[in-house]
1. Which residues, taken from the stretch 51-71, are more than 15 Å from Met2 (Cβ to Cβ) and β-branched (Val, Ile, Thr)?
2. Counting just the residues of the stretch 24-50 that are polar (S, T, N, Q) and within 13 Å of the chain's Cα centre (by Cα), which one comes out nearest to Met2 (Cα to Cα)?
3. Go through (1) without any contact (Cβ under 8 Å) to a residue 12 or more places away in the chain; (2) in a strand (DSSP E or B) one by one and return the number of the condition Lys37 breaks.
4. Mind listing whichever residues of the stretch 6-30 are in contact (Cβ under 8 Å) with a residue 24 or more places away in the chain and in contact with a helix residue (DSSP H, G or I) (Cβ under 9 Å, 6 or more places away or on another chain)?
5. From the set of residues in the stretch 1-23 that are charged (D, E, K, R) and assigned to a helix (DSSP H, G or I), which is nearest to the chain's Cα centre (by Cα)?
6. Take Tyr64 and decide whether it is touching a residue at least 24 places away in the same chain (Cβ under 8 Å), part of a helix (DSSP H, G or I), of a type outside the set (A, V, I, L, M) and out of contact with any strand residue (DSSP E or B) (no Cβ under 6 Å at 6 or more places or on another chain).
7. Give me the residue from the stretch 43-61 that is of a type outside the set (Val, Ile, Thr) and not in a loop (DSSP other than H, G, I, E, B) and, out of that set, surrounded by the most Cβ atoms within 10 Å (Cβ to Cβ).
Amino acid sequence: KMEKEVFTLPQVANYFNQKFINVKYDMERGEGIDIRKQYGVTSFPTYLFINGDGKVVHRIIGAYFKEWEFL
């Protein structure tokens, strides 16, 4: 729902594409399993904001947010 209704909004897409390198992993398959373990992800979806040193600086857990909430 976030992918279809929030991340596609111009104000959200522009902000995140200008400020961050954005990636999406399926944390139940492939390399996502190791990432899940490394960052202690226990709920889905989880949005991780990771700095250049690989440290989590912010974490959002939850399924759906309005664009203003996510920004």
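Please treat every number below as a calculation from the coordinates, not as lab data. Bear in mind the structure is a predicted one, so any value in this text is a computation, not a measurement. Because the Cβ atoms are built from the backbone with ideal geometry, glycine has one as well, and the counts that use them run over all protein chains shown.
1. Val56, Val57
2. Taking the stretch 24-50 first, the residues polar (S, T, N, Q) are 38, 42-43, 46.
This time we only want the ones that are within 13 Å of the chain's Cα centre (by Cα), so: 43, 46.
Details: Ser43: 16, Thr46: 12 Å.
Only one residue tops the list, namely Thr46.
3. Evaluating Lys37 over (1) without any contact (Cβ under 8 Å) to a residue 12 or more places away in the chain; (2) in a strand (DSSP E or B) leaves (2) as the failure.
4. Residues of the stretch 6-30 in contact (Cβ under 8 Å) with a residue 24 or more places away in the chain: 6, 9, 11-12, 15, 20.
Matches in the stretch 6-30: Val6, Leu9, Gln11, Val12.
5. Taking the stretch 1-23 first, the residues charged (D, E, K, R) are 1, 3-5, 19.
This time we only want the ones that are assigned to a helix (DSSP H, G or I), so: 3-5, 19.
Numbers: Glu3: 10, Lys4: 14, Glu5: 15, Lys19: 13 Å.
Within the stretch 1-23, the match that is nearest to the chain's Cα centre (by Cα) is Glu3.
6. Details: touching a residue at least 24 places away in the same chain (Cβ under 8 Å): yes; part of a helix (DSSP H, G or I): no; of a type outside the set (A, V, I, L, M): yes; out of contact with any strand residue (DSSP E or B) (no Cβ under 6 Å at 6 or more places or on another chain): yes.
So Tyr64 fails the test.
7. Per the criteria, the residue is Leu48.
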